[in-house]
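Taking it in order: structure first as structure tokens, then the write-up.
Since every read-out is calculated from the coordinates, none of them should be taken as a lab result. This one's a predicted model, so the numbers in the text were calculated from it and none came from an experiment. Quick reminder, even Gly has a Cβ in these numbers, built from the backbone with ideal geometry, and neighbours come from all protein chains shown.
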Amino acid sequence: MTRLSEVDRAGFRRLTATGWAQPPAQQSPAIVAPTTEARERYCRWAAAATRLFRGEKPVRFSGSNWKL
């Protein structure tokens, strides 16, 4: 458990006393319509994200267990 500084404690007390209100412009919509365009954008983004990993992840199976 970390110890809070005096500034953190004051901010925490201020937040708990007043409550946190998110502006309507920043609130997420309750229902998102899954459009074809949105799905296409997501698929393109996911395909591009897979190209970011340039490393190698070897799979090491060793041992004499019958499950291997």
Worksheet, complete the sentence: For residue 47 and residue 65, extending 7 Å from Cα along the Cα-Cβ vector and measuring point to point gives, in nm, a value of 3.8 nm
Worksheet item: Helix 6-18 versus the longest principal axis of the chain: what is the Cα-based angle in degrees, 0 to 90, to the nearest 10?
Response: 80 degrees
Response to the item:
Magnitude of the Cβ-charge dipole (Lys and Arg +1, Asp and Glu -1) of the chain about the Cα centre, nearest 20 debye, reported as 300 debye
Discussion item. In 10 Å bins starting at zero, report the fraction of Cα pairs in the chain per bin as a rounded %.
Written reply: 13, 15, 17, 21, 25, 9, 0
